[in-house]
Every structure is written in structure tokens, then in C-alpha cells.
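So the structure is just underneath, and the comments pick up after that.
The values are calculated or read from the model by the stated rules, or taken from the named source; none is laboratory data. Values in this document were obtained by computation on a predicted structure and should not be read as measured data. All Cβ positions, glycine included, derive from the backbone under ideal geometry; neighbour counts span all protein chains shown. The area values use the complete protein model at the heavy-atom level, side chains included, leaving out ligands, DNA and RNA. Shrake-Rupley method; radii C 1.70, N 1.55, O 1.52, S 1.80 Å.
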Amino acid sequence: MTHIDPSPQAPSTTPVTDPVTYTDIAAAAQRLAGQAHLTPVLTSRTVNQRTQNQVFFKCENFQRTGSFKFRGAYNALAQLSSEQRQRGVLTYSSGNHAQAVALAGTLLGISTTIIMPEDAPAVKQAATLGYGAEVVLYDRSEVSREALARQLAAERGGVVLPPFDHPHVVAGQGTAGKELFEQVGELDLLLVCCGGGGLLSGCAISAAALAPNCRVVGVEPENGDDVTRSFYSKTIQTVHNPDTIADGARTPAPGQVTFPLILQYVHEMLTVPDEALLRTMFFLWERLKIVVEPTGALAATTLLEGMVDQTNARIGVIISGGNVDLKQIAKYL
């Protein structure tokens, strides 16, 4: 188990012109009103006793399309011009962003094309098609999804919307953190799952605005630690096709938008191994009675595995999604 803690740092205080501010997140919340679900916050006496903290789980597995991704996708598509909407939208995703863009496109009358890896969970491929998108499959070992997206965009004239590295996407994801603070009040610690950093950076901006004394920690899979290494080295690091069950966190590197925001607003990064991730996922299923996908359990794992050195604190945990392929669960038992 990896516990990276070379003395947690304070976020950078270097003045920057942020591509996303809390004003953007508040505006995104207005666009999402009546479209996104106000997801519940669950508590567990068992978890509180086990961790000696008061823990609040923000359950984005109950969001439309089963993850927080709907927030950023809808916020971004809603701001396209009439001309851009007519051209349609292309994106690339292992599943959750794909579903989110597909549904947002249907709601807004925008055609969508999703580039998905062939090994993306079947449940996510089926759901994406069900939400009305065209799905283009590719071999992730041989093809760059970004290059394929550029090629299709050039051929079709569509607008490319990346899964996390876009200001409107980040602002939309930040509404999950905004809601959590509005639902439970100030927190001492906020634990957030991290793939490319859209959810993490957005929630960290909300924390800075609504609970400035709250420490924000991002959590990645151990084998997909690109953001963690980038965070501590202060330069973007990459990892190619990370081998992890957390398929939503198989991003190769943090983005040009998300990385500076993470350096500015996040206090610490942690990583967890897949074995611990599975233990937490099944614990959440059994004790909180909620279906959580492996990526969605990243943040909770650090808490339930004893990696958070804190007691008598108010801790928020983002459960990022619940789109798990149940047919694949047997191989994890």
C-alpha cells in the first residue's frame, strides 16, 4: 500500500489567472438546476466508529448516468453556440464521460460520437448507445484516443470535448463539492477520487470558497499514479495504459487545465492498490447498501484502510460513480 505523505503541503500561493473560478462553478450550478440530480449524502455509524471521525459520503453514483460526469458534460454542451451544436460533439472515454455526453447531447438536441476502448466495461458501452450516441471502438494498445478524435473531428467537423481537461467540464464537476458543503456545512478534510483531475480540481475550488480551512486530498490507483507524481514533482508525469481495475482513472496524465488548478488548490495526493480498492468497494456494497464501481471507491479506500491520520474530524468523501459491470465481479472475489 502506498501512502505518499512527505509532509502534506499547502496549495500554491503563487498568483495565477485560474481557468476556472468559484464563480464559474456557481454559474454551472444554475445551468444544472433541474437537469442534474441533487445527490444524497450518506452516513454510517459503523464507518464513524471504525475511523473515529464523522464521515459524509457524497453519492455521485446516484447522479444521472451513474456518475458525476453528467455535471461537466451538460455544463459544457449547454454553452456551445448554435453553429457548434449543429456540427455535433466528439469525445473519448472509457465509459462514464461517454454516457454523460450521450445523455447531455440527447437532452440538448446535439448529436454525439463517443470513442471508447474495446475493453471498456460492456455495461458502459451499452448504456452509451442507449443514451443515443454513436460509439466508435478502438484498441487502446495500438491507437491514441486523442489522435483518433482529432482525425474524426477533421473528417466530420465535430467539436471535440475532452473528458476532463476543459474549463466548462471542471466547473460542472465542481458543483458536486459545492453541493456537499451546502448539505453538511464545513469540513476538516475532503477526499476526492482522481483520474484526470476534473472532479478533484473542481471540488478543491469549491472547498477553497466555501470551507477555506478544509484540507483537500486527491486519490489515485497505485498503478495509475500520474497525477500524484506530477503533484510532487511539479511537472506533468505520464503513465501509459495503467493496469488497474479503476478503469475511470486510466488517464495517461493530468491536463493543461486541471494540473495548475490541482497545484493551486489541492493539499495532498495519495494512491491505493487494487486489492485495497476491492475491499472498500465490497464494504460499501455490504454496509452502505450502495453499488459503487472501483474508481468510485478510491477516496473512501484511503479512509477505510487507515491511510488518513485524523480523528474527531468532519470528513467528506466523494463516491464518484456506480457503473460497474456485475458480470465481471466474480473474477474479483
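For Gln35 and Arg156, FRET efficiency with R0 = 35 Å and r from the beta-carbon atoms, rounded to 0.05?
Step by step, r from the Cβ atoms, then E = 0.85.
Segment 184-266: which trypsin sites (Lys or Arg not before Pro) are DSSP loop and have at most 11 other beta-carbon atoms within 10 angstrom?
When the trypsin sites (Lys or Arg not before Pro) of segment 184-266 are filtered for loop state and at most 11 Cβ neighbours within 10 Å, Lys234 remain.
Go through segment 290-301 residue by residue and turn each phi into a ³J(HN,Hα) via Karplus (6.51, -1.76, 1.60, θ = phi - 60°); whole Hz please, and just put x for glycine and proline.
Karplus-based 3J(HN,Hα) across segment 290-301 equals 10, 8, 10, 7, x, 4, x, 9, 4, 5, 5, 4 Hz.
Ordered by packing density, taken as the mean number of other Cβ atoms within 10 Å over each peptide's residues, highest first, how do 287-297, 153-163 rank?
287-297, 153-163
Summing -39500 (n - 2.57) over the DSSP H runs of n ≥ 4 in the chain and dividing by its residue number, what mean residue ellipticity at 222 nm do you reach, to the nearest 500 deg cm²/dmol? Walk me through the numbers on the way to the answer.
Details: 13 runs with 131 residues, N = 333.
Mean residue ellipticity, 222 nm, calculated: -11500 deg cm²/dmol.
For Tyr138, what residues show an amide H to amide H distance below 5 Å, using hydrogens built from the backbone and excluding near sequence neighbours?
Met116, Glu118
For segment 203-245, take the convex hull of the Cα atoms, compute a quarter of its surface area, and give me that in nm², please.
3.9
Near Lys58, which aspartates and glutamates are there with a Cα under 16 Å away, not counting those fewer than 8 places off in the same chain?
Filter leaves Glu179, Glu182, Glu186, Asp188, Glu293.
Please report the antiparallel percentage of DSSP beta bridges with both residues in the chain, rounded to the nearest 5.
Here the antiparallel bridges make up roughly 10 percent for the chain.
Under unit Cβ charges (Lys, Arg +1; Asp, Glu -1), what dipole magnitude, rounded to 20 debye, does the chain have relative to its Cα centre?
My answer is approximately 760 debye.
Determine the per residue accessible area of the chain with all protein chains present and a 1.4 angstrom probe, expressed in square angstrom.
For the chain, the per-residue accessible area is 39 Å².
Spin-label point model (7 Å from Cα, Cβ direction): what's the Arg279 to Lys331 distance in nm?
2.3
Starting at 0 and stepping by 10 Å, how many percent of the alpha carbon pairs of the chain end up in each bin?
6, 29, 38, 22, 5, 0
Of Arg140, Arg85, Arg279, which has the most accessible area and how do the rest follow, probe 1.4 Å?
Arg279, Arg85, Arg140
In the neighborhood of Ser201, defined by Cβ-to-Cβ distances under 11 Å, what is the net charge if each Lys or Arg adds +1 and each Asp or Glu adds -1?
-2
If we count every other residue with Cβ under 14 angstrom of Val135's Cβ, Lys/Arg +1 and Asp/Glu -1, where does the sum land?
For residues surrounding Val135, the net value is -1.
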